[in-house]
Ligand SMILES: [Zn+2]
């Protein structure tokens, strides 16, 4: 008499749905998990490009070209965002921003209205302000 095991059904491969035929896909060939653009290196490189900008010059609106900040007002805030103590006279406007369950002061270009970032009251002297600006909203012109 044949051993009982000969009549048992072969166990399904663990973890594969019933009806799946063929070999499981190789992990290296499966589609890569998409990376959110905010954490991808490409985004960081472009957003942080002006973070390391230390030459004298002017930062202008990427939307309309209006000069917004002078390089001598820029400081290293440690936040990863280009930060300035003050904008050029009349270059930016602000409004209260209540998004993300916070009350912040939004900063935008006075000419074209492009969103630039936010201003916080924790900057260094003499202004005590920190204009925290998204690098992709700015262009830099040395000189
Ligand atoms: Zn503008």
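Tabulated data
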| item | result |
| --- | --- |
| Output for the stretch 95-112, where each listed residue is in contact (Cβ under 8 Å) with a residue 40 or more places away in the chain and either under 17 Å from the mean Cα position of the chain (by Cα) or part of a loop (DSSP other than H, G, I, E, B) (or both) | 110, 111, 112 |
| Members of the stretch 80-124 that are exposed (fewer than 15 other Cβ atoms within 10 Å of the Cβ) and within 12 Å of residue 61 (Cα to Cα) | 112, 113, 115 |
| Residue list for the stretch 49-67, filter: part of a loop (DSSP other than H, G, I, E, B) and surrounded by 14 or more Cβ atoms within 10 Å (Cβ to Cβ) | 49, 50, 51, 53, 62, 63, 66 |
| Failed item in (1) more than 19 Å from the chain's Cα centre (by Cα); (2) on the phi < 0 side of the Ramachandran plot; (3) at pLDDT 90 or above, with residue 62 passing the rest | (1) |
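The values are calculated or read from the model by the stated rules, or taken from the named source; none is laboratory data. What you are looking at is a predicted structure, and each value in this text was computed from that prediction instead of being measured. Don't worry about glycine lacking a Cβ; one is built from the backbone with ideal geometry, like all the others, and counts go over all protein chains shown.
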